[in-house]
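All of the numbers you see were taken from the coordinates with simple rules; none came from a lab. For clarity, every value in this text was computed on a predicted model and none was experimentally measured. Please note: Cβ atoms are built from the backbone with ideal geometry, for glycine as well, and neighbour counts cover all protein chains shown.
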Amino acid sequence: MSKFFSKKYDSLEAYTPGEQPRDQQYVKLNTNESPFPPAPQVVKAATEEAGRLQLYSDPESANVTRAVAERYGVEPENVLMVNGSDEILNFAFMAFGDADHPFVFPDISYGFYPVFAEVNHVPYREIPLKENFTIGVEDYCNVNANVVIANPNAPTGLLLSVEQIEQIVASNPDHVVIIDEAYIDFGGVSCIPLIQKYDNLLVTQTFSKSRSLAGGRLGYGIASAELIRDLNTIKYSTNPYNVNRMTAACGKAAIEADDYYQKNAKTIAANRAFTTSALRARDFEILPSAANFIFVKPPFCSGEELYLGLKQRGVLIRHWNKPRIAPWCRITIGTLEQMQALLHAIDKMMEESK
Ligand SMILES: *Cc1c(COP(=O)(O)O)cnc(C)c1O
């Protein structure tokens with residue numbers, strides 16, 4: 001830290017992204033990216049738009065906004081396109097959080113939530129998941145605070161129903177409830193339709209996971225026109241051109257290629273079922289996942305040993321040295337080939353541990 005760094009960030013601990021190693025080729029199952037490339041028409045859209053990069057992007061991202069609005073049956077005024085959904089989550093902490101409006105979220109969830117709270121000086125409270133890692137819906141009803149919940153949750157993969165979400169939203173009419181649906185396309189039902197009924201609900205989604213565009217940085221929020229206006233005030237006070245031209249063009253093309261991405265999501269769900277039963281046959285404990293990853297507890301070693309042993313064998317997964325989840329690891333679901341490489345490496349480890 002330099003002597004110039006503001007004291008207001010003294011206690012700030014930045015978010016640690018998953019490793020993006022360059023030392024060797026790994027079977028990369030650590031950051032929940034899609035194993036499938038973008039649809040061909042998305043690549044074409046990016047290439048064409050590259051020739052117009054001398055011009056600023058459209059601050060309203062009107063084309064992709066309209067495409068997303070139509071896809072989800074809402075009006076363009078209900079949609080805000082952003083530079084990855086991380087950006088709209090940060091905007092939401094900036095827009096809705098203060099000393100009188102703290103945030104609550106699960107103690108085991110997306111590691112960025114406490115960082116957004118810290119960097120914006122928004123007070124927050126972490127609500128422990130139940131012993132079995134599920135979210136206690138009653139813990140979030142009438143909490144007198146803004147709420148953010150990932151659904152399905154990460155890194156557990158566990159899903160709440162739309163009815164459970166509605167209970168939380170309905171019981172907190174004077175606070176904003178944010179449902180982070182980064183993984184909803186892999187087996188959940190979106191609560192987007194609830195925005196017609198509740199003006200305090202913000203649903204965020206991303207092109208990074210099911211739409212193979214993690215490197216393009218595109219996400220969006222869907223909410224009442226009033227909430228979207230507030231978030232736009234923050235956007236136009238920080239970075240009006242937050243979505244670049246190429247990415248906006250990719251996003252529109254990706255919405256038009258919906259069938260391709262739905263087919264890929266189905267493949268991931270099938271590979272998830274395959275991997276889950278293969279690992280259960282090896283006595284792993286596995287939470288039922290609705291996402292493109294599984295949360296697993298190995299029977300023969302610690303979580304850290306599984307992570308390190310697999311890395312040594314060229315397979316990268318994610319492990320956190322944190323209370324409660326240290327015995328567990330998160331494994332991204334990839335192609336069947338990648339899953340077989342994972343199982344092969346695990347079998348090697350199990351043999352050697354005998
Ligand atoms: C990946 C992820 C995001 C956001 O990703 P972006 O690439 O910024 O869109 C948000 N929430 C959760 C829980 C995620 O796992």
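What is the list of residues in the range 153-190 whose amide nitrogen lies under 14 Å from a point 7 angstrom out from the Cα of Val137, following Cα to Cβ?
159-172, 189
What net charge is computed for the residues neighbouring Ile149, neighbours being all others with C-beta under 11 Å from the C-beta of Ile149, Lys and Arg scored +1, Asp and Glu -1?
Details: positive: none; negative: Asp139, Asp180, Glu181.
Net of charged neighbours comes to -3.
Along the Cα→Cβ direction, 7 angstrom out, place labels at Glu226 and Lys322. What is the inter-label distance in nm?
Going from the Glu226 label point to the Lys322 one covers 3.3 nm.
Suppose only helical runs count, i.e. DSSP H with n ≥ 4. What mean residue ellipticity at 222 nm does that imply for the chain under -39500 (n - 2.57) per run, divided by all residues and rounded to the nearest 500 deg cm²/dmol? Present the calculation step by step, with values, prior to reporting the outcome.
Numbers: 10 runs with 126 residues, N = 354.
The per-residue figure over the chain is -11000 deg cm²/dmol.
Working from Cα positions, state the angle (0 to 90°, nearest 10) between the long axis of helix 62-72 and the longest principal axis of the chain.
60
Based on the Cβ-Cβ distance from Gln167 to Ser353, what FRET efficiency comes out when R0 is 35 Å, to the nearest 0.05? It would help to have the intermediate numbers written out before the result.
Numbers: r = 45 Å, r/R0 = 1.28.
Computed FRET efficiency for Gln167 and Ser353: 0.20.
Run the numbers on the range 40-256 and let me know its relative contact order in percent, using alpha-carbon pairs under 8 Å that are six or more apart.
Values: 390 pairs, mean separation 66.1, N = 217.
Dividing the mean separation by the residue count of the range 40-256 yields 30 percent.
Quickly work out the Asp10-to-Leu336 label distance, labels modelled 7 Å from Cα along the C-beta direction, and quote it in nm with one decimal.
5.8
Could you sort the peptides 293-300, 64-71 by per-residue average Cβ neighbour count (10 Å cutoff), highest mean leading? Provide the component values of the computation, followed by the final result.
Numbers: 293-300: 21.1, 64-71: 19.4.
Highest-to-lowest ranking by the protection proxy: 293-300, 64-71.
Straight-line reach from Lys322: which lysines have a Cα under 18 Å away, not including same-chain ones fewer than 8 places off?
Lys130, Lys297
Between the helical axis of 303-312 and the dominant principal axis of the chain, each derived from Cα atoms, what acute angle in degrees is found, rounded to the nearest 10?
So the helix axis and the longest Cα principal axis differ by about 80 degrees.
I'd like the orientation of helix 225-236 relative to the chain: the angle between its Cα long axis and the longest Cα principal axis, in ° from 0 to 90, rounded to 10.
80
Taking all pairs of distinct Cα atoms, average 1/r, flip it, and tell me the Kirkwood hydrodynamic radius of the chain in Å to one decimal place.
Working: mean 1/r = 0.0471 Å⁻¹.
For the chain, inverting the mean 1/r across all distinct Cα pairs yields 21.2 Å.
Which value in Å is the Kirkwood Rh of the range 242-354 over different Cα pairs?
Working: mean 1/r = 0.0641 Å⁻¹.
After inverting the mean inverse Cα-Cα distance, the result is 15.6 Å.
In nm, what is the difference between 0.36 nm times the number of residues separating Asp98 and Arg282 and their Cα-Cα distance? Intermediate results must be reported in sequence, preceding the final value.
Numbers: separation 184, 0.36 × 184 = 66.24 nm, distance 4.82 nm.
Separation in residues times 0.36 nm, less the Cα-Cα distance, equals 61.4 nm.
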